[in-house]
Every structure is written in C-alpha cells, then in structure tokens.
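Following: one structure in structure tokens, then a few remarks.
Rule-based calculations on the coordinates, nothing more; no lab input. Since the structure is predicted, the reported quantities are computational estimates derived from the model, not experimental observations. Positions of Cβ are backbone-derived with ideal geometry, glycine not excepted, and every protein chain shown enters the neighbour counts.
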Amino acid sequence: MRAVTIVTRWLASVVLATGISSVAQAADESVRYPVPATAIYPGDVIRDEMIMDRNFAPNIQGASAFINDRASLVGRIARRTLLAGHLIPINGLEDLKAVTRGAVVKVLVEDDGLIIVTYATSLQSGSAGMMVQLRNLDTGVTIRGIVQQDGSVRIQNG
C-alpha cells in the first residue's frame with residue numbers, strides 16, 4: 001500500500017512539473033500584433049511610424065477580427081479612433097479613396113478599340129478596382145465604371 005502511495009505521489013509530481021513547464025512555455029510563445037503608438041483619429045492616413053508591435057497571449061479572444069500584419073496597415077485610413085496600445089479591428093480601416101463623391105473625374109469609354117474621353121461627376125466614393133456610379137456632365141445620364149489606380153474611371157463596352 002505504501003509503495004502505491006509513493007508511486008502515485010511521484011506520478012502526480014511529474015504531471016504537475018510537466019504542466020507547469022507547459023504553462024511557462026505557452027507564456028513564452030506570445031503573438032505580436034501591430035498597435036497604434038499614439039491615438040489615431042478618423043480620416044488619418046496611417047504611416048509606419050504611427051505603429052508599434054506589442055505581444056499578446058496566443059489564445060486571445062476573437063484574434064481573427066484584428067489586423068495581424070503591419071504591412072496591411074500602412075497607407076490605409078482610420079474609419080474610427082484607434083487607441084494607443086489596443087488591437088486594431090479589421091473594420092476600423094478603409095482603403096484610400098481614388099475617387100471621392102461629388103468630384104469631377106475623367107471617364108474613359110472603351111469599345112472595340114475606340115477610346116472616348118469625357119468627364120463626369122462621381123456619385124460615390126471608391127478606391128481602385130471598385131465600381132462606382134457617375135453622372136455624365138454633358139447628358140446627365142447615370143453611368144457605372146471601375147475606378148483605376150490613377151483616379152480615372154474606365155467603362156468597357158460602353
């Protein structure tokens with residue numbers, strides 16, 4: 001009976017020691033997330049010097065809802081106030097708009113090798129690759145096109 005108690009205690013101490021080392025190891029395996037160094041306000045374009053990396057526990061709740069890559073932050077715009085040292089939610093950022101609502105933009109209409117350049121008023125804001133609605137300045141007709149990197153809008157098979 002005494003031998004069983006000694007073996008049981010020894011086994012319990014081995015399990016406990018293994019568990020403690022696992023907890024210590026898990027604490028060492030923290031995850032780094034980019035966070036604001038200072039408060040960032042809505043409309044601010046995020047620059048690299050505004051961001052710092054901070055360690056968080058690997059089992060953080062809702063980790064997929066936060067930005068985990070520094071490169072995906074730089075050059076984007078804050079949609080809401082981002083507090084210093086706090087995780088940045090994915091929906092707290094937006095892309096830089098190439099076309100803003102109410103602005104007059106250059107419109108390129110392509111059809112079978114023929115290219116017509118005209119101007120229209122944007123009815124929506126949009127970043128490169130997004131489809132936006134525009135109002136033709138000459139005719140008043142509402143048209144849709146895809147925003148280009150340079151801020152113009154391209155309409156194909158017009």
Checklist line | For the stretch 34-82, radius of gyration divided by Kirkwood radius, i.e. Rg to Rh on alpha-carbons | finding: 0.96
Next item on the list: When you have a sec, figure out the Kirkwood radius of the stretch 104-156 from all distinct Cα pair distances and drop it here in Å to one decimal?
Entry: 10.8 Å
Next item on the list: Between beta-carbons, use under 13 Å as the cut-off and find the net charge around Val104, counting Lys and Arg +1, Asp and Glu -1.
Entry: +2
Item checked: With eigenvalues of the C-alpha gyration tensor scaled by 5 and rooted, the stretch 60-100, Å -> 20, 11, 9
